[in-house]
Amino acid sequence: MAESMPRTILITGCNRGIGLELVKQLLLKPTPPEQIFATCRNPDAPQNQELKKLSAKHPNLVLIKLEMTDSASIGKAAKDVEKQLKGRGLNLLINNAGIITDSTLESVNEKDLLHVYMTNMVGPMLVTKAFLPLLKKAAQAVREAEMNWHKAVLINISSITSSIEKVPETYSFFPALSYRCSKAALNMLTRCQSVVYKEDGILCTAIHPGWVKTDLGGPQAPLTVDESVHGILKVLCALSEKHNGILVDWEGNTIPW
Ligand code: NDP
């Protein structure tokens, strides 16, 4: 039987990498979502034509301009989406957009730390706050008690490098200090959101997509973006209450905080 998809989805950072592949695979599902809101900071830029072409071909794909570090841009995006939803809610929000910089304990500086924190942690928090009324609306529209993507799900795309327990095994070959700290903060945010938003029926989970060949992951990464997203969608389909407030990888394995 074909997997049933959430009816309405918003994903940030969809012009390349994991975000773009999520959009592509969702569009190819036998019963695709009724509306996919794909955000990117500059939908008209020449390098973002692949996403633009997809939206011209698929009426259920709507491009939304959104800059993660600008609260006015996030607020406007939420208004645009609300208008397009015509009274319906948002079943799935994926905070995917993110950046990485090369930083170690020696090289890191204030500007780098703040920029990465702003994009990877403050941005997702503001995006979630702005779209929360729409997530709540979707959760309220479904009577069943069990939290899953038929009601409302919030996903924060994190990283295994955020895991404090795993630092001794990962730091030496992948320091990325500012990135790690930002994603560890994003995990804390996810955990707090999972406690508070549970009352509204919204499931909150952090997902590590694996080490993936994208601009961010680099060419030496073992996973293709196709494999990673295939896994992420499988995990998303299977999410239930027991995944609330935890970090899982693209194969569904729990990663310790
Ligand atoms: P990419 O570098 O390929 O894509 C990053 C996306 O984020 C782009 O769409 C980019 O848009 C967007 N973005 C960055 N900054 C902003 C901003 N300020 N406002 C709006 N959009 C922004 O990365 P991936 O696809 O690999 O990464 C996606 C997520 O997965 C990230 O959160 C990353 O941390 C996480 N991840 C990735 C891993 C990997 O191995 N690839 C491993 C673990 C986690 P633009 O083109 O405009 O810059």
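The values are calculated or read from the model by the stated rules, or taken from the named source; none is laboratory data. Source: prediction; values computed, not measured. FYI the Cβ positions are ideal-geometry reconstructions off the backbone, even for glycines, and counts take in every protein chain you see.
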Would you please name the residue that is nearest to the ligand (Cβ to nearest atom), looking only at residues in region 35-48 that are under 21 Å from residue 149 (Cβ atoms) and not hydrophobic (A, V, I, L, M, F, W, C)? 39
Kindly list the number of the only condition in (1) crowded, with 21+ Cβ neighbours inside 10 Å; (2) within 19 Å of residue 8 (Cβ to Cβ); (3) not small (Gly, Ala, Ser) that fails for residue 120. (2)
Tell me whether region 210-227 contains one or more residues that are away from the ligand (no atom under 13 Å from the Cβ) and surrounded by 15 or more Cβ atoms within 10 Å (Cβ to Cβ). no
Residue among 203, 154, 216 that alone is in contact with a His (Cβ under 9 Å, 6 or more places away or on another chain), among the hydrophobic types (A, V, I, L, M, F, W, C) and outside any helix (DSSP H, G or I): 203
Complete set of residues in region 157-174 that are buried (at least 18 other Cβ atoms within 10 Å of the Cβ) and either of a type in the set (S, T, N, Q) or modelled with pLDDT under 95 (or both): 158, 159, 161, 162, 163
Identity of the residue in region 49-95, among the hydroxyl-bearing types (Ser, Thr, Tyr) and assigned to a helix (DSSP H, G or I), that ends up farthest from the ligand (Cβ to nearest atom): 55
Report yes if residue 254 is surrounded by fewer than 20 Cβ atoms within 10 Å (Cβ to Cβ), closer than 30 Å to residue 136 by Cα and more than 12 Å from the ligand (Cβ to nearest atom), otherwise no. yes
Can you name every residue in region 164-180 that is outside any loop (DSSP other than H, G, I, E, B) and in contact with a Ser or Thr (Cβ under 8 Å, 6 or more places away or on another chain)? 170, 177, 178, 179, 180
Can residue 183 be described as more than 17 Å from residue 38 (Cβ to Cβ), assigned to a helix (DSSP H, G or I), at pLDDT 95 or above and within 14 Å of the chain's Cα centre (by Cα)? yes
Residues of region 1-34 that turn out to be within 7 Å of the ligand (Cβ to nearest atom), in a loop (DSSP other than H, G, I, E, B) and of a type outside the set (D, E, K, R), as a count: 4
